[in-house]
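Colleague: Let me begin by handing over the structure; questions about it come next.
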Amino acid sequence: MSTTLIEQTVGFVKQSMSANDSGHNWFHIERVWKTARTIALGEQVNLLVVELAALLHDIADSKFHNGDETIGPRMANEWLLQQHVPADIREHVVNIVAHISFKGGNQADTFFSPELAVVRDADRLDAIGALGIARAFHYGGFKNREIYDPAIQPDLQMSREDYKKNTAPTINHFYEKLLLLKDRMHTETGKQMAIQRHLFMEQFLEQFYQEWEGKR
Ligand code: ADP
Ligand code: NI
């Protein structure tokens, strides 16, 4: 029963993500799903909740719905209702979808569970390391941002609103978000995976500045 539910959900997600930007396309979902399964091996969690939440976590990006942050959880809820998923599982998955995101600023978390921890770690891991670097510059290009401008310092005190309308160069995003994620991992496996990906970003930045200065 679960296998077909997962397969059905894969189909639903693939079809509803097709209009999204390529930083959040099906491949992002697939990576988060795989990573979440890897992390779940070391945790005591309900794997069905983890897999469904990983698959549904970006079902509707608020950026493409006039900032409406309720549309994703609502779509997830409707899908799970339609699939006759037991209410406790459905509510748990919807809660994860509603609370997974890091949108900058320091808002207190109102919901937490071990399953949320697994999916959030998996989502954060996809924002760091080689893939994180690729996604950041892709996003920056999409937003027509500079790669780097030494005159524009990273802003670590941004409010949620500032974070959303920030237009700084992409390198700043490393200091404002990507390099902070390593210390925000919840699970043991997530922490270990983050350390390696973090080191890779540090090496990338070091090399970047060397090249920027024309050093050999
Ligand atoms: P999420 O849905 O994982 O919370 P976002 O929608 O904020 O992430 O971002 C999607 C991808 O785009 C991530 O890899 C993120 O690092 C990147 N990104 C978001 N904001 C910026 C930015 N200001 N500069 C560069 N990359 C960004
Ligand atoms: Ni995501």
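The values are calculated or read from the model by the stated rules, or taken from the named source; none is laboratory data. What you see is a predicted model; the values in this text were computed from it and never measured. Every residue, glycine as well, gets a Cβ built from its backbone with ideal geometry; the counts of neighbours run over all protein chains shown. Surface areas here come from the heavy atoms of the whole protein model, side chains and all, with no ligands, DNA or RNA. Shrake-Rupley method; radii C 1.70, N 1.55, O 1.52, S 1.80 Å.
Colleague: Using r as the Cβ-Cβ distance of residue 151 and residue 10, and R0 as 45 Å, what FRET efficiency do you calculate, to the nearest 0.05?
Modeller: Working: r = 46 Å, r/R0 = 1.02.
It comes to 0.45.
Colleague: Here's something else I'd like to know. Give the accessible surface of the chain per residue, rounded to a whole number of Å², with probe radius 1.4 Å and ligands, DNA and RNA excluded.
Modeller: 54 Å²
Colleague: I've got another one for you. Lysines within cross-link reach of residue 164: Cα-Cα under 30 Å, excluding same-chain residues under 8 positions apart?
Modeller: Within the straight-line cut-off, residue 164 pairs with 14, 34, 63, 103, 143, 177, 182, 191.
Colleague: What distance in nm lies between label points placed 7 Å from Cα along the C-beta direction at residue 81 and residue 44?
Modeller: 3.4 nm
Colleague: Still on this structure: Taking the alpha-carbon centroid of each part, what is the distance from segment 189-205 to segment 130-164 in angstrom?
Modeller: The two parts, judged by their Cα centres, are 19 Å apart.
Colleague: What list of ³J(HN,Hα) couplings, whole Hz, do you get for segment 116-130 from phi and the Karplus terms 6.51, -1.76, 1.60, once you set θ to phi - 60° and write x for glycine and proline?
Modeller: Once rounded to whole Hz, the list reads 4, 4, 5, 6, 5, 4, 4, 5, 5, 4, 6, 9, 10, x, 4.
Colleague: How large a share of the accessible area of the chain, in percent, is made up of carbon and sulfur atoms when the probe is 1.4 Å and the other protein chains stay in place? Don't jump to the answer; show the numbers that get you there.
Modeller: Values: 5970 of 11730 Å².
In the chain, the share of accessible area belonging to carbon and sulfur is 51 percent.
Colleague: Normalised by the number of residues in segment 82-173, what is the relative contact order in percent for Cα pairs under 8 Å and 6+ residues apart?
Modeller: Working: 61 pairs, mean separation 27.2, N = 92.
Over segment 82-173, the number comes to 30 percent.
Colleague: Specify the residue with the greatest mean-square fluctuation among 70, 189, 35, computed from a Gaussian network of the chain linking alpha-carbon atoms under 10 Å apart.
Modeller: Among 70, 189, 35, the largest mean-square fluctuation in the Gaussian network model of the chain belongs to 70.
Colleague: Can you run phi through the Karplus equation (6.51, -1.76, 1.60; θ = phi - 60°) for segment 200-216 and list ³J(HN,Hα) in whole Hz, with x for Gly and Pro?
Modeller: Residue by residue, segment 200-216 yields 4, 5, 4, 5, 4, 5, 4, 4, 4, 5, 4, 5, 4, 8, x, 7, 10 Hz.
Colleague: On to the next question. Which residue, 91, 176, 202, has the most motion in a Gaussian network model of the chain that connects Cα atoms within less than 10 Å?
Modeller: Comparing 91, 176, 202 in the GNM, the peak value goes to 202.
Colleague: Further question on the same structure: Which of 114, 70, 125 sits closest to the plus end of the dipole of the chain, meaning its Cα is farthest towards the positive end, when Lys and Arg get +1 and Asp and Glu get -1 on the C-beta?
Modeller: Selected residue: 125.
Colleague: Counting only C-alpha contacts under 8 Å and six or more residues apart, can you give the relative contact order of the chain as a whole percent?
Modeller: Numbers: 240 pairs, mean separation 41.7, N = 216.
That works out to 19 percent.
Colleague: Can you give the angle from 0 to 90° between the axis of helix 47-56 and the longest principal axis of the chain, with both taken from C-alpha atoms, to the nearest 10?
Modeller: Once rounded, the angle reads 60 degrees.
Colleague: Additional query: For segment 70-216, what is the charge dipole size about the Cα centre, in debye to the nearest 20, if Lys and Arg each add +1 at the Cβ and Asp and Glu each add -1 at the Cβ?
Modeller: Working: 18 positive and 20 negative charges, 44 e Å.
Dipole magnitude for segment 70-216 comes out near 200 debye.
Colleague: Of 198, 65, 57, which has the largest mean-square fluctuation in a 10 Å C-alpha GNM of the chain?
Modeller: With Cα springs under 10 Å in the chain, the top fluctuation among 198, 65, 57 is at 65.
Colleague: May I pose another question? With labels modelled as points extended 7 Å from the Cα through the Cβ direction, what inter-label distance (nm, one decimal) is found for residue 134 paired with residue 113?
Modeller: 3.2 nm
Colleague: Shifting gears a bit: Sum -39500 (n - 2.57) across every DSSP H segment of at least 4 residues in the chain, then divide by the residue count to get the 222 nm mean residue ellipticity, nearest 500. Before the final figure, lay out each step's value.
Modeller: Values: 10 runs with 130 residues, N = 216.
My calculation for the chain gives -19000 deg cm²/dmol from helical runs alone.
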